[in-house]
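Working notes for the structure below.
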Amino acid sequence: MKNSKLKSTAKSLVFLFGGILLIVLIIRFVPFRLDLTAEKRYSLHPSSIAVLEALEEPVEVEILLTGNLPGGMRRLQRAIEETIRTFNAYSRQRISFYYEDPMALPADLREDYIVGLATYGINPTNLFITEDGGQKSRLIFPGVVVRNEEFETGALLLQGERGMGPDEKLNHSVENLEYELIQAIRKISTDKAFAVGMTIGKGEMKEDEGFGIVEALVDLHEVYKIPMEQATKPEDLDPFDIIIIAGPKESFSEREIYFFDQYLMKGGNLIILLDASTFELENAGGDGTVAMPLDHGLDQLLFRYGIRVNKDLIQDMNFGYHPVMAGYYGDEEQVVPLPWPFYVAAGRMAAHPITKGLDQVMFRFVASMDTVKADGVSKTPLIFGSEVSRKLAAPVRIAFEDMAKEPNLEDFGLGNLPLLYLLEGQFTSLFRNRFLPEGVDRNTYKESSKGGKVLVAGTGNLFKSQKDFRDGNPLPIGEDPFNNTQYANRQLLQNAVNFLLEPDGIMASRTKTLQIRPLNKLKVREEKTKWQLINILVPVVFFILIGLLWGFLRKRKYT
């Protein structure tokens, strides 16, 4: 009897350990992951997986968000860890992480380290925490530094639109973790570079003014200048994946317009930033100057594609500031930033991969836009003005002395004016059923597109760099030297270029949405005692019943 019991027990143990070993082997050699969440928060976009599977060397992530953090920041910290662990599960190379508190570094290293983080856009945030019955403030760095053996980059992870509450901002930051981290990994690991061209020769941005575009795109793309007067055929534009036309002051010829049209018909991408009016801001002092309609030759082209840039200027009560000399203090000029309704600080964003979660974007001297019928073309407004704005038809008076006048809010009766449009679909050539420009090859003409996208704004200053008033050097896009403000124009450019190039690539991961599920406070207060009793008593009663049942069965078996 005893031998049979021993054999039975041994057999059970063999089956138990054999089953465990089999499960371990299956997990080891046939790894799999199951995401049972409703919004698939632990799943990665296929484009992110492709980047991870293509890694050729290990990646190290330095998490800067550390220390004694309140609940919301701890949630972001845990989400960063979870995302990196998920990346490591899909990567062909190891992705490791560790924590580093910049404020805990020795004094002789701390300053240089923090300055280095600022070059990656990671600036400190002042956080207030409750400690020992009182409030204390400390600086945190909500970002990461990503590096491999050769390169290093950084990413700011706490982001959100201006006006968002703390919970909304944290939730948005968690939603965007996959994109921000995979973008950083891609920067240091990929050799693939797209060609972005900027037209010159028609009064577009000067070299210093275009510095910001090059600075924003150089990490992932190659930026070139395109002198249109040297182009002899549409194929001269084919090497460029995107062409940026930013603020031309002279009219393009019909031949050059034909080249742009055929570039789009072949699947190219255009970013067209047009000034609808021309004026000299230097003459805005005293009696001021007048903005007159500007003919750049591209109106008919855009009209065929489904958009019209109006000959007007928008004023908005959600405005930026312009520096004006207010006199002298001794022998030094006194420069004062004054409110300027022509500078629209737009913070109403569409839920689109290009603009989702962006902070305010500055539009200087922007014109309104209307959509017109264009079969096969979808027109998506991406950024809007505030609810208190107006349109002034050209000619428009521009004078600094108007800054001192109190605006009449009754005149600002328009709201949510679209400032940026994305055009997608099947475009029809402007030259369909028209004579082609003289000298072009008619055999290569295409009357409809096979893809391609157009991004349009009614200002040529959207991606124009400002100058540092102290040394005259150009600044990154969106940095306002007079107000110590950083607008999101730089990130808008990067998002727009990445989406136009790869709409189904890693930009698509920005569409991930995580729901905030707050507890019903009234229900919590009313049912608090009931659920406390359930949570305490039910487990105790359950295990008591299991123990009694187990004892009863053993007694019955061996009696």
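The set of residues in the stretch 180-209 that are out of contact with any helix residue (DSSP H, G or I) (no Cβ under 6 Å at 6 or more places or on another chain), outside any helix (DSSP H, G or I) and either farther than 18 Å from LEU500 by Cβ or among the hydroxyl-bearing types (Ser, Thr, Tyr) (or both) comprises THR190, ASP191, ILE200, LYS202, GLY203, GLU204, MET205, LYS206, GLU207, ASP208, GLU209.
Residue by residue, here is whether (1) in contact (Cβ under 8 Å) with a residue 40 or more places away in the chain; (2) not hydrophobic (A, V, I, L, M, F, W, C) holds:
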| site | (1), (2) |
| --- | --- |
| ARG348 | yes, yes |
| GLY357 | yes, yes |
| GLN360 | yes, yes |
| PHE384 | no, no |
| LEU409 | yes, no |
| GLY415 | no, yes |
| GLU424 | yes, yes |
| PHE431 | yes, no |
| ARG434 | no, yes |
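Evaluation of ASP287 against the conditions (1) buried (at least 22 other Cβ atoms within 10 Å of the Cβ); (2) among the acidic types (Asp, Glu); (3) more than 31 Å from the chain's Cα centre (by Cα) shows that the sole unmet condition is (1). Taking strands (runs of 3 or more DSSP E) as the structural unit, those lying wholly within the stretch 223-332 and holding at least 1 residues that are among the aromatic types (Phe, Trp, Tyr) correspond to 319-329.
Being surrounded by 14 or more Cβ atoms within 10 Å (Cβ to Cβ), at pLDDT 90 or above and among the aromatic types (Phe, Trp, Tyr) is a property that PHE427 has.
Over 30 Å from PHE342 (Cβ atoms) and among the basic types (Lys, Arg), is that true of LYS233? Yes.
Take the conditions under 30 Å from ARG510 (Cβ atoms), surrounded by fewer than 21 Cβ atoms within 10 Å (Cβ to Cβ) and either at pLDDT below 90 or among the small types (Gly, Ala, Ser) (or both) and apply them to GLY385. Does it pass? No, not satisfied.
Quick one: is GLU56 modelled with pLDDT of 80 or more and over 20 Å from GLU180 (Cβ atoms)? Against the criterion (modelled with pLDDT of 80 or more and over 20 Å from GLU180 (Cβ atoms)), GLU56 qualifies.
Out of all the residues in the stretch 215-222, is one or more under 17 Å from GLU250 (Cβ atoms), outside the structural domain of GLU56 (by TED's automatic domain parsing) and either in contact (Cβ under 8 Å) with a residue 60 or more places away in the chain or among the β-branched types (Val, Ile, Thr) (or both)? Walk me through how you get there before you give the answer.
Narrowing the stretch 215-222 to residues under 17 Å from GLU250 (Cβ atoms): none.
Taking every residue of the stretch 215-222 in turn, none turns out to be under 17 Å from GLU250 (Cβ atoms), outside the structural domain of GLU56 (by TED's automatic domain parsing) and either in contact (Cβ under 8 Å) with a residue 60 or more places away in the chain or among the β-branched types (Val, Ile, Thr) (or both).
Of all residues in the stretch 75-92, one or more are hydroxyl-bearing (Ser, Thr, Tyr), under 14 Å from ASN148 (Cβ atoms) and buried (at least 17 other Cβ atoms within 10 Å of the Cβ). Cβ separations smaller than 8 Å between residues 6+ apart or across chains give no pair from the stretch 515-536 residues that are at positive phi to residues that are modelled with pLDDT of 75 or more and surrounded by 10 or more Cβ atoms within 10 Å (Cβ to Cβ).
Would you call GLY478 at pLDDT 90 or above and crowded, with 21+ Cβ neighbours inside 10 Å? When the stated conditions are applied, GLY478 does not pass them. LEU220 passes every criterion in (1) crowded, with 18+ Cβ neighbours inside 10 Å; (2) under 30 Å from ALA393 (Cβ atoms) apart from (2). Picking from residues in the stretch 243-294 that are of a type in the set (D, E, K, R) and touching a helix residue (DSSP H, G or I) at 6+ places or on another chain (Cβ under 7 Å), the one that is farthest from VAL456 (Cα to Cα) is GLU256.
Scanning the stretch 479-492 for residues that are assigned to a loop (DSSP other than H, G, I, E, B) and over 16 Å from HIS322 (Cβ atoms) yields one hit, ALA488.
Quick one: which of ALA457, ALA394, ALA399 is closer than 23 Å to VAL366 by Cβ, at pLDDT 85 or above, touching a Ser or Thr at 6+ places or on another chain (Cβ under 6 Å) and among the small types (Gly, Ala, Ser)?
The conditions single out ALA394.
The values are calculated or read from the model by the stated rules, or taken from the named source; none is laboratory data. All figures in this text were calculated on a predicted structure; none of them were measured in a lab. Note that each Cβ is placed from the backbone with ideal geometry, even for glycine, and that neighbours are counted across all protein chains shown.
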